[in-house]
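Novice: One structure coming up, written as structure tokens, with questions to follow.
Each value in this text was obtained by applying a stated rule to the coordinates, not by laboratory testing. Worth saying up front: this structure is predicted, and the values here are computed from it rather than measured. Backbone-built Cβ (ideal geometry, glycine too); neighbour counts: all protein chains shown.
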């Protein structure tokens, strides 16, 4: 597995204005989960957040996914895969041995992508069963660290019909051929452009890719500066782009 991206580990999150979320927190398989969207929606999206957990920007993005499409709405679920053990803002930038060690332990422990991926099939099954049959199909979205989870979750036996990664970290072109469902890749100007291109070129499935060149790593998650007009516009356009892709592919 490739190392986590430089951008992911050198750029700390920005503050955002308070957001009054539309959903609620419920429990599935022991995971505190943010649930939003109408319970009657037949399609659902599993969102894998970034290493900072339930940031206001991520919750607002989940609400945009749930209610942002006039033609079809979605049930959206954001499980607390890290069980409250989020990255510490004081680790950034990791410019001391102590910070580097803390980061390394974090990615080998609670944020180990392989461990997280193993939890997903059972969780999706539990949520589907609890919906009393209302959910008929699933998509998955990963942000930053969550992008790696998506790459590992979209093989032959995936429960998902479509996928997306936004400002993905740990980008590895070797993962791309194993992805078996349509996928969207939205990169920022901070990801390595060659890594992103090589990943997209290696995909064997229908896909959409776009680089939001003037946006920073994490602009659709914990680093979204929703006070800045341009950043907010691109944040909203990013989620609108995902909605269009999902409408076409699941």
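Novice: With contacts defined as alpha carbon pairs under 8 Å and 6 or more residues apart, what's the relative contact order of segment 6-249 in percent?
Specialist: 22
Novice: What order, most packed first, do the peptides 170-178, 97-105, 221-229 have when packing is the mean number of other Cβ atoms within 10 Å of each residue?
Specialist: Answer by packing, highest mean first, reads 221-229, 170-178, 97-105.
Novice: Could the peptides 183-195, 50-62, 205-217 be put in order, highest first, of the mean number of other beta-carbon atoms found within 10 Å of their residues?
Specialist: Top of the packing list down: 50-62, 183-195, 205-217.
Novice: Treat each spin label as a single point 7 Å out from the Cα along the C-beta direction, and report the residue 233 to residue 88 distance in nm.
Specialist: 4.0
Novice: Take every DSSP beta bridge with both residues inside the chain and express the antiparallel ones as a percent of the total, to the nearest 5.
Specialist: Bridges in the chain that DSSP calls antiparallel: roughly 25 percent.
Novice: For residue 18 paired with residue 137, estimate the spin-label separation in nm (one decimal), with each label point 7 Å from Cα along the Cα-to-Cβ line.
Specialist: In this crude label model, residue 18 to residue 137 measures out at 4.0 nm.
Novice: Can you tell me the relative contact order of segment 81-218? Whole percent, Cα pairs under 8 Å, sequence separation 6 or more.
Specialist: 17
Novice: Please tell me the relative contact order of segment 8-148 in percent, rounded to the nearest whole number, where contacts are Cα pairs under 8 Å and at least six residues apart.
Specialist: Here the relative contact order equals 35 percent.
Novice: Right, next: Taking a ≥ b ≥ c as the square roots of the Cα gyration tensor eigenvalues, with a/c under 1.5 meaning rounded and otherwise prolate when a/b beats b/c, else oblate, which class fits segment 173-250?
Specialist: Note, shape of segment 173-250 comes out oblate.
Novice: How far apart, in nm, are two points set 7 Å out from the Cα along the Cα-to-Cβ line at residue 193 and at residue 180?
Specialist: With each label placed 7 Å out from Cα toward Cβ, I get 3.5 nm.
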